[in-house]
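Below is one structure, written out as structure tokens; comments come after it.
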Amino acid sequence: LVLCMGPGGPFPLLNSPSGQPVVELFTQALGRAPAIFFTLCGVIIMNMVAIPGAQAGSRMVFALARDELVPLARMWTRVDVKRGTPILAVWGYAVAVVIVSLLGLLSEIAIAAVFTVCAIALNVSYLLPILCKMMYPSRFERGPWHLGRWSIAVNVIAVLWNIFIAIILFLPLRLPVTPSNVSRVSLKY
């Protein structure tokens, strides 16, 4: 996809007339019917990813509230008798996601920065247990399934990959790099 979207590729779609360069690429390369099919597949996959994300996020809100690490902890831990779930934690998380997402209406650069920071934080959350295992091997108890002698090599590759991805994610999203697309949030109306 990336090779086809640049100015040197067969489909110069960086400034797609529809505002959807991937859909435009599918249409030009495959035709209308396959483009609709693959776009719908993408929408379905995005929704299938969003639902477990909402579940995991609301479970985190509930767990933090259970340990009294968030304001209004009693409210977030209240479990609905009929459904057996913490409804307020689920809705509170959903509202927080919508509020953060509304930032995208004000500035593409600001919302991209939020997503970048979230992606880097997620990578660091994967990286920390690996580093702890490598730094304190005597405190690590090997489970029933392990990589044996390949464990060290896989851990080193995982650490290097996460560092590489963090560097890539810190690179600017727009070219040319100007003060307006790096250092300050520009409001678009």
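Near VAL156, once Lys and Arg are set to +1 and Asp and Glu to -1 for all other residues with Cβ below 15 Å from its Cβ, the sum equals +2.
Element breakdown for segment 31-161 at a 1.4 angstrom probe: carbon and sulfur atoms account for 73% of the accessible area. On full extension, the segment bounded by PHE170 and MET134 gains 10.4 nm, given 0.36 nm per residue less the C-alpha separation.
The spread of Cα positions in segment 16-115, taken along each principal axis and listed from longest to shortest, comes to 54, 32, 16 Å.
Measuring how big segment 67-133 is from its alpha-carbon positions, Rg and Dmax come out at 16.3, 43 Å.
Compute the whole-percent fraction of alpha carbon pairs in segment 109-152 spaced more than 13 Å apart.
Pairs farther apart than 13 Å: 67 percent.
About its Cα centre, segment 59-164 has a charge dipole of approximately 400 debye under the convention of +1 per Lys or Arg Cβ and -1 per Asp or Glu Cβ, with nothing else charged. Of the peptides 145-157, 101-113, the ranking by mean beta-carbon count within 10 Å, highest at the top, reads 101-113, 145-157.
The values are calculated or read from the model by the stated rules, or taken from the named source; none is laboratory data. Treat the numbers as computed from the prediction; the structure is a model and nothing was measured. FYI the Cβ positions are ideal-geometry reconstructions off the backbone, even for glycines, and counts take in every protein chain you see. Each accessible area value is taken on the protein alone, full model and side chains, heavy atoms only, with ligands, DNA and RNA left out. Shrake-Rupley method; radii C 1.70, N 1.55, O 1.52, S 1.80 Å.
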